[in-house]
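The values are calculated or read from the model by the stated rules, or taken from the named source; none is laboratory data. Since we're looking at a predicted model, the values are computed, not measured. Ideal geometry is used to build each Cβ from the backbone, glycine not excepted, and the neighbour counts take in all protein chains shown. When the accessible area is computed, the model is the full protein with side chains, heavy atoms only, and any ligands, DNA or RNA have been set aside. Shrake-Rupley method; radii C 1.70, N 1.55, O 1.52, S 1.80 Å.
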Amino acid sequence: METFVRQLTIRFRVSLATLLIGLSAVAILTITIDAQQSQDSTATDQRVDAMLAKLTLEQKIDLIGGVEGMFIQAMPEIGFPRLKMSDGPMGVRTWGTTTGYAAGIGLAASWDTELARRVGVALGQDARARGVNFLLGPGVNIYRAPMNGRNFEYFGEDPYLASRIAVHYIEGVQSQGVIATIKHYAANNSEFDRHRINSVVDERTLREIYLPAFEAGVKEARVGAVMDSYNLLNGDHATQNKFLNIDVLRNEWGFKGILMSDWGATYDAVAAANNGLDLEMPSGRFMNQKNLLPAIQAGTVSEATIDEKVRRILRTALEFNFLGRDQLDLGVPLYSQESRQVALQSAEESLVLLKNEDHLLPLDPHKIRSIAIIGPDAFPAVPSAGGSAEIDSFEPVSFMTGLSDALGTNTKVLWNRGLKDLKDVFGDSGVSAFFGGGGAKFFTDPEGQHPGLKQEEFGGGSISGGPTQTRTVPNINSWGGDQWAEPSRHKKAYRWTAYYIPKTSGSQRFIAAGVGRDAYKLFVDDKLVFEQEPHEGQVPQSRDVDLPAGKAVAVRFEYFPQTDKITCGLGVITPSDMVDPEATKIAAQADAVVLAVGFDPRTEGEAHDRTYSLPSGQDDLIKAVLAANHNTTVVITAGGSVDTSQWLNDAPAVLQAWYGGSEAGHALAQVLLGEVNPSGKLPISWERRLEDNPSYNYYYEVPGSKDDPYKEGIFVGYRAYDRGDTKPLFPFGFGLSYSTFDFSHLRVNPAQASADGPVTVSFDVRNTGKVAGAEVCQVYIGDPSASVPRPVKELKDFERVVLDTGGTQHVTITLNRRSLAYWDVKSKDWKVDPGTFKVFVGDSSANVPLQADFSAK
C-alpha cells in the first residue's frame, strides 16, 4: 500500500562563500539597526519616565498587583490600558472555546523547530482574536520523573531540545504582538506539595540542566515575561529568590521584561519586592499598599525599587505597542481553519511509534471490514490533561470519531469504553455500585442483611470524642476529580464503617479518591490498606487484597476533608469486573483493534502528581483485549512514560499519543492508515521499571533524610542510563517509522579546534525504505578527557529532514564553545577543558552509528 507523508520545507543552509560575500552588507545593516534600536530605546525610556512621574506612590504600588484574576490594571491618568492575560500553553484557554494544539511534550516529540514557530504564530493569532496581551506559556521545566502532573506541558528531559523548541515557540507568539511568558522559573519539576517543596539543586546542575531553556528564552527569543514558580529553590521561594531573579535573570542574562508570580506563589511582601518580583498575580495579596507603604516609610523597601518594577511594566507594554493599538483584532477568526491545520500537523508529528511487530501498522483499509476501538480514552476526546493548561476545544476530535471519519462507510467502527468509570465503581445514590457476577456492596452488619455504611461526622477536623451526627448511607460517591476545592475554616472529619462480603475468592480491588488536600485512611480488618496524606493534589488510589468468598470483612474509612463538604469516593470490585465483557466480544469479532488507554484531566494535571501505573483497571483491559484479538494497537494518552510491564510483550504495536489537542483523532487516523508516516521521537527516556529512573530515590522528600532531593545532579534521563548497566525500555530520541534510514560520511572540521570553535559536523542521511518519511538526525558530544564528571554524551544539535524513497540529504551543523563547555563551579562560568571530544550521530541516544574524535585546545 502506498504511504504518503506531508512534505515539509527543508531548511536550506547558506554556503560559507555566500556568507563571506555578504559580510560587508550585513555589517552595515547591523550598525544601522543597532543605531535605530538605540534611538528607539532612548525614546521609550523618556516616555516611561514621563508616565512614571505622573503616578502617585499609591498608584505605582497598585500597578504591581494584578486585578480580576487575569489583568494588569489600567491607569487612565497616563493612558495605560488594562492588559489581559490567558492561560496556556496548549491554547488560549481562559476566554472561552479555542483551538487546542499538541501538548508541549508532544511538540518536543516532533523535534520540529519550524512547527514550534508555526504553533507559536497560531497561538499569537488566537490571542489577538481574543484581545489577549500575555499568553502564559511556554512551560519549560525539565522532565525528571514520569509522575509530575505537568510534564505534559513541558518539552522533555533534555535542556538543548527544550531550548530549541522554546525559542521558536516564543518567537512565533511574539511575532503577533503578544507577550509570551516562559515558566515556571525554576526547578519546578514536581506537583507534589508544590507550595512547600524545597528544590535543593547545586549550581552546576541548575546551569546545565534546569536553567538553559529559560536562558535561551531570555537571551535568544527575548521573551517579554517570565513567571516565577511555587516551589522553594535552595531554601528561598522563587518569588523572593535573589539568586534567581536578580543575580541570574536580571544581571547576568540582561532580562528587561516583566517578572511575575505564578497565581498565589507570593509569600512575603518585602522579600518579593526586594528580590526582583515585578508583578504579583492574580492580585496584590502581599505587594499592596497595606504592606508596602509602611515598609517604604521604615526603609525596608525603597521607592526606587517600586519605580523600577513599574518602569519594566510600562516599558514592556510600550515595546509591544499595547498603547498604540487595540489588542483585540476582530479581523482574526476565533475559529481559524489555518489554526486547525497547524493543530493537526502538531498532533501528527507528535505521535511516536514505539513498537510495530510484524509491520502490523499501517492498517490497510481495503483489507479491514471491521475495526474495534476500545478504551476509556477512545471517546470522548481527551485533548489535554488538567489544570491551567486544560483546553475547551472547538469540536475536539476523539480517536473513535477521527478513525470513523477516515474510514467512511466501507469499514465498520465498533466502539466500547471497556471499563467502568470510577463514579460507577463508587456507586450511584440508592443504587448498587457494582454490576455483574463478581459485584459487591457494603453492609452495616456482617450477615449482609442491611445494605449501606454507617457514617459518623466529627467536629474540629479530627476523629475524637463522640460523633456530632450519625446516619446510614448507601455508598460514598462524592468524588468528581476537581483539584481546586477551596479550603474551609470549619474543619470536619468523617468515619464510615461497614462490612464487605466477597462473592468470589481472590483479589478484591479497593479504590478511593479525594481532592485537593483531603486526607484519608482505609482499613480492612483493622489493617491499613492505604492512606492519603494532606498534601496538595492527589489522584485515586487502589490496592488489591486477597479475600475468601462469603466471609465478611470489616471496612473502616476515615476522611479528613479540606472543605466543609464530602468530596471523596470509595468502592471495591473484583478486577475482572472492571472490564466490560462486551469490549472483549467486539474485540474478538473485529479484524483489528485500536485500544486507547491512559490518563485524562482527572488523573493527570496541575496540582497533583500522577501514578506511574495506568489508572486502575486499564492493565486488566489491555490483557483481556490482547487475549481476544492479537491484532491490537495500544495507543497511550499520557504526559510521559507509563508502566507497560504487564502487557508490552504481548502487544504487537504501541503508539505514544501524549495529548494531541483538538485534532488528535484525525492525526491518529492518518498515522494508523498510513496517510502520514510517523516521525515523532521520544523527548524522554522510558523506564522499564519506575525504580530505574535516576531520580527514583530522591524525587519525593523523605523527612529526616540526608539526601538532597536532586541528588542525581546532572545525570538526568539518558545522561544517567549511558553511564550505568541499567538501560531504558525505550531510549531518548527513539521512534519508529514506516520507512528506514541510513547515516554515512561523517566529517568533523577541523580535527583540531580552539575551545571557542567553531567545529563543523557534516554527514549524509538516506531514506532506504519503500515510503517517504522524516528522520530526526541527532548530534551528541562527549568529553571523555574532562577534569570533572560529565555524561558520556549530550545532545548538542539535531536536524529533522524529509526524504523521498531513496533520497539523500547532506546535513551540516556547527558547534560553538557552549556545545563543548560545562559549568565550572570555581570560576562560575562556562569552561572547556582541552583534550579529546567525541561526536556521535544517529537516530536516538542509544543508536549512534557514526562516531568520530576531534580535539579542542
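Of note:
- For segment 279-408, the percent of C-alpha pairs falling in each 5 Å distance bin, counted from 0 to the bin holding the largest distance, reads 2, 7, 8, 12, 12, 9, 9, 8, 7, 7, 7, 5, 3, 2, 1, 0, 0.
- Segment 723-857: translational diffusion in µm²/s, Stokes-Einstein, Kirkwood Rh over Cα pairs, 4 °C, 1.567 mPa s: 82 µm²/s
- Exposure of residue 711 as accessible area (Å², to 10), given a probe of 1.4 Å and all protein chains: 110 Å²
- Across segment 582-640, Cα-Cα pairs farther apart than 12 Å form 67% of the total.
- Annotation for segment 572-615 versus segment 797-850: alpha-carbon center distance of 40 Å.
- Peptides 648-661, 357-370, 156-169, ordered by how many other C-beta atoms sit within 10 Å of their residues on average, highest first, read 156-169, 648-661, 357-370.
- Around residue 59: net Lys/Arg minus Asp/Glu count, Cβ-Cβ under 13 Å: -2
- Straight-line cross-link reach from residue 828 at under 18 Å between alpha-carbon atoms covers these aspartates and glutamates, not counting any fewer than eight positions away in the same chain: 202, 203, 208, 215, 247, 252, 756.
- Residue by residue, segment 662-668 carries 3J(HN,Hα) couplings of 4, 9, 4, x, 5, 4, 4 Hz when phi is fed to the Karplus relation 6.51 cos²θ - 1.76 cosθ + 1.60 (θ = phi - 60°); x denotes Gly or Pro.
- Remark: the chain carries 38 Å² of accessible area per residue (probe radius 1.4 Å; ligands, DNA and RNA excluded).
- Remark: relative contact order (the chain) = 14 percent; criterion is Cα-Cα distance under 8 angstrom and separation of 6 or more residues.
- Beta bridges by DSSP in the chain, antiparallel share as percent, to the nearest 5: 70 percent
- Using θ = phi - 60° and Karplus 6.51 cos²θ - 1.76 cosθ + 1.60, couplings along segment 256-273 (whole Hz; Gly, Pro as x): 10, x, 9, 9, 10, 7, 5, 5, x, 9, 9, 10, 7, 5, 5, 5, 5, 4
- Once C-alpha pairs closer than 8 Å and six or more residues apart are averaged by separation and normalised to the residue number of segment 458-580, the relative contact order reads 36 percent.
- Local electrostatic count, residue 732, Cβ distance below 12 Å [Lys/Arg +1, Asp/Glu -1]: -2
- Greater than 27 Å apart at Cα, pairs in 521/711; 826/857; 770/793; 290/491; 355/412; 256/838: 521/711; 770/793; 290/491; 256/838
- Local electrostatic count, residue 292, Cβ distance below 11 Å [Lys/Arg +1, Asp/Glu -1]: -1
- Note: relative contact order over segment 81-137, using C-alpha pairs below 8 Å and six or more positions apart, is 53 percent.
- Each peptide in 447-458, 396-407 receives the mean, over its residues, of other Cβ atoms within 10 Å, and ordering these scores from highest gives 396-407, 447-458.
- Relative frequency of Cα-Cα separations exceeding 16 Å in segment 174-218, percent: 49 percent
- Counting only aspartates and glutamates at least 8 places from residue 551 when in the same chain, those with an alpha carbon closer than 16 Å to its own are 445, 447, 525, 526.
- CD proxy at 222 nm, helix term only [per DSSP H run n ≥ 4: -39500 (n - 2.57); per residue of the chain; nearest 500]: -6500 deg cm²/dmol
- Part-to-part distance (alpha-carbon centres) for segment 732-749 and segment 270-333, which is given in Å: 49 Å
- Reduced Cα scattering model of segment 510-616, Debye log10 I(q)/I(0), q = 0.17 Å⁻¹: -0.93
- Computed across the chain, the Kirkwood radius stands at 28.8 Å (inverse of mean 1/r, all Cα pairs).
- Cross-linked pairs 219/242; 242/681; 219/831: Cα-Cα separations exceed 29 Å for 242/681.
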